[in-house]
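What follows is a single structure, written as structure tokens, with notes after it.
The values are calculated or read from the model by the stated rules, or taken from the named source; none is laboratory data. Fair warning: this is a prediction, and the values are worked out from it, not measured in the lab. For neighbour counting, all protein chains shown are included, and Cβ atoms are generated from backbone atoms with ideal geometry for every residue, glycine included. Heads up: the accessible areas ignore ligands, DNA and RNA and are worked out on the full protein's heavy atoms, side chains in. Shrake-Rupley method; radii C 1.70, N 1.55, O 1.52, S 1.80 Å.
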Amino acid sequence: MNPFNDSEDEEIEELAKQFKQSVDSGNFAFFDNDDYQDIIIYLIDTGDFEYAKKAVFQAIQDHPQESFFRLMRAKLFALEFNFSDAMKELDYVEQNFEINPEFYIEKVLIARAANQPINGIELLNKALDMDNRLPEAHLLLAHEFLGKRNIDTAVEHAVRAIQLDNAAAEDLKIVTIDFQDFLQTKDHILIQFFQRLTDELPMCASLWSGLGLSYLACSEYEQAIEAFHFQHSLDENDPVCLLNLADAYYELGYYEEALLNFNAVSEKCDWLMVSFQKGNCYFQMKDYQSALNNYMQVLEIDPMYVGAITHIVKTFKVQGKYDEARAYLRMKYEENPEQLEVIQQLIELSDPEKDIDYIRELSVAALNAQEIPEHAYLHFFTTYCCSNNAADLGIEVVKDFLTDSDVCTDAHYFMAALLLSKGLLREACEYLELALQAAPDAYLIDFLNIVPQSTNEPEINQLLNTYINFDDNND
């Protein structure tokens, strides 16, 4: 499918529509080999996997001699994270069909997705030995050589991929997602990679985007801004460029410049996150009413967007409007009593002495709600009680879960933390030992994270050393 040929795209979309109509009517139409290939690729690219699976099944029935459809079946298995069946399908192709370059490409893609060891360079070179004009093989080799920190060869294959298909540059610019581990290295390998590519192909906007994203990921915001400005000069119609530019300005604290670019994005696209980010800019500029207006606009688009609720409460609180914050949270709680973040914020804004009955009511509701994980809530509530001299309330709530098979081990850790915060060291040690016997690996999150001062107690240290060699781990 040619990404620059609208008429061809429309023809393929119409083919896919005809196929889906034939499936829905139960009268399967016959399509030739090439049409099926276009239909399947279109359905996969648009995320319509159910119809893609039906198209693959029918194509295999109508054209059993064509290995491509078997490879697409393997791809669909992999897209559903069913890597075992995907590899079995590849094995079937290898045993029953003449091997073609696409086989090697799919084998590398699926193995990498499944995180299985494979000699990707060897297989992709086999594909290129059969056909040197495969942009996807060159693109994957660029990834492989980047993984081996061989920038020169990675650049060669990346340039070749773009020469064969301009669309390859779009895939390259998101390489930062695949190589997050490189972004912490001092030599900034991805920055070097995209610097070389922009030197080779300076008029390719997507490569400047890749360079900007690499700088952004490394917190080098001024350089990111330069890259995104150059990208924008090459492609003024890309709203994502403006979004990235706004993010870089925001990170530098240039909120007015960030807002200008977010507004420019809004003129092109109605994206929820843009309103949210505009709200953040106004918040930083202390224009709290405009911040609230934008956060509210986010909730008009998506009433369940918790981040907007959190920031609305934050905006009330920074102005000292705690009554308004509480009233707003109570309203959101009544609208949906199964939002964990809303319950947590309501509790944090409540007085553990004056509002004890209300806090108890919220806790019961949270622990009865199907959509709220018990462990997540109990961890939050234990932390809250330990920090607010409300250990008795925490003990009252947590004790009911000491015999719950799903969270009993965590509950023992939580009970130990609550008892320790009351100064009941002996009782705390009893619960801590039970927890360490059952799940020693959870001590850091479910105990020390809540009561870090516990390591000042020799009895606690002795228990930790008995079960987890705490002193060695601490070193």
#### Entry: Any chance L434 is within 30 Å of D357 (Cβ to Cβ), open to solvent by 30 Å² or more (accessible area, probe 1.4 Å) and among the hydrophobic types (A, V, I, L, M, F, W, C)
no
#### Entry: Hits in region 82-105 - residues which are among the acidic types (D, E), under 13 Å from K126 (Cβ atoms) and open to solvent by less than 40 Å² (accessible area, probe 1.4 Å)
none
### Exclusive hit being at pLDDT 90 or above and of a type in the set (A, V, I, L, M, F, W, C), set I343, I372
I343
### Query
So which residues in region 32-59 are closer than 24 Å to N96 by Cα and either surrounded by fewer than 16 Cβ atoms within 10 Å (Cβ to Cβ) or of a type in the set (S, T, Y) (or both), if there are any at all?
D32, N33, D34, Y36, F57
### Query
Just wondering, is there one or more residues in region 396-405 that are touching a residue at least 12 places away in the same chain (Cβ under 8 Å), open to solvent by less than 30 Å² (accessible area, probe 1.4 Å) and either among the charged types (D, E, K, R) or more than 17 Å from I445 (Cβ to Cβ) (or both)?
yes
### Task
Taking Y250 as the residue in question, decide whether it is surrounded by 16 or more Cβ atoms within 10 Å (Cβ to Cβ) and touching a Cys at 6+ places or on another chain (Cβ under 7 Å).
yes
### Query
Would it be correct to say that I309 is open to solvent by 60 Å² or more (accessible area, probe 1.4 Å), β-branched (V, I, T) and free of Cβ contacts under 8 Å to residues at least 60 places away in the same chain?
no
### Message
Checking Q195 against (1) open to solvent by less than 40 Å² (accessible area, probe 1.4 Å); (2) of a type in the set (S, T, N, Q); (3) touching a Leu at 6+ places or on another chain (Cβ under 8 Å): exactly one of these is not met. Which one?
### Response
(1)
### Query
Under 8 Å by Cβ, and 6 or more places apart or on different chains, what pairs join a residue from region 249-265 that is under 21 Å from A217 (Cβ atoms) with one that is surrounded by 15 or more Cβ atoms within 10 Å (Cβ to Cβ) and β-branched (V, I, T)?
Y249/I225; L252/I225; F262/V274; V265/V274
### Query
Restricting to region 360-389, what's the tally of residues that are open to solvent by less than 50 Å² (accessible area, probe 1.4 Å), under 24 Å from A428 (Cα atoms) and of a type outside the set (F, W, Y)?
9
#### Entry: Boolean, G212 is touching a residue at least 12 places away in the same chain (Cβ under 8 Å), among the small types (G, A, S) and either in contact with a strand residue (DSSP E or B) (Cβ under 8 Å, 6 or more places away or on another chain) or closer than 30 Å to D165 by Cα (or both)
yes
#### Entry: Checking P337 against (1) open to solvent by 30 Å² or more (accessible area, probe 1.4 Å); (2) in a helix (DSSP H, G or I); (3) touching a residue at least 12 places away in the same chain (Cβ under 8 Å); (4) over 26 Å from T409 (Cα atoms), the condition it does not meet
(2)
### Query
In region 445-458, what residues are surrounded by 13 or more Cβ atoms within 10 Å (Cβ to Cβ), in a helix (DSSP H, G or I) and free of Cβ contacts under 8 Å to residues at least 60 places away in the same chain?
F447, L448, S454, T455
## Note on the structure
The lone condition M273 fails out of (1) more than 20 Å from I312 (Cα to Cα); (2) open to solvent by 20 Å² or more (accessible area, probe 1.4 Å); (3) of a type outside the set (G, A, S) is (1)
### Summary
Per the filter on region 342-388, residues within 20 Å of S405 (Cβ to Cβ) and touching a residue at least 40 places away in the same chain (Cβ under 8 Å) are H379, T382
### Among residues of region 252-308, those that are under 28 Å from I343 (Cα atoms), modelled with pLDDT under 95 and of a type in the set (S, T, Y), counted
2
### Summary
Apart from one, (1) surrounded by fewer than 17 Cβ atoms within 10 Å (Cβ to Cβ); (2) in a helix (DSSP H, G or I) all hold for A158; the odd one out is (1)
#### Entry: Flag for T455 being modelled with pLDDT under 90 and touching a helix residue (DSSP H, G or I) at 6+ places or on another chain (Cβ under 7 Å)
yes
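One line per residue, one yes/no per condition, for (1) of a type in the set (A, V, I, L, M, F, W, C); (2) in contact with a Gly (Cβ under 8 Å, 6 or more places away or on another chain); (3) in a helix (DSSP H, G or I):
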residue: L367; (1), (2), (3): yes, no, yes
residue: C386; (1), (2), (3): yes, yes, yes
residue: D406; (1), (2), (3): no, no, no
residue: L420; (1), (2), (3): yes, no, yes
### Query
In this structure, is E200 modelled with pLDDT of 95 or more, among the acidic types (D, E) and in contact with a Phe, Trp or Tyr (Cβ under 9 Å, 6 or more places away or on another chain)?
no
### Query
in contact with an Asp or Glu (Cβ under 7 Å, 6 or more places away or on another chain) and either open to solvent by 70 Å² or more (accessible area, probe 1.4 Å) or part of a helix (DSSP H, G or I) (or both), is that true of L128?
no
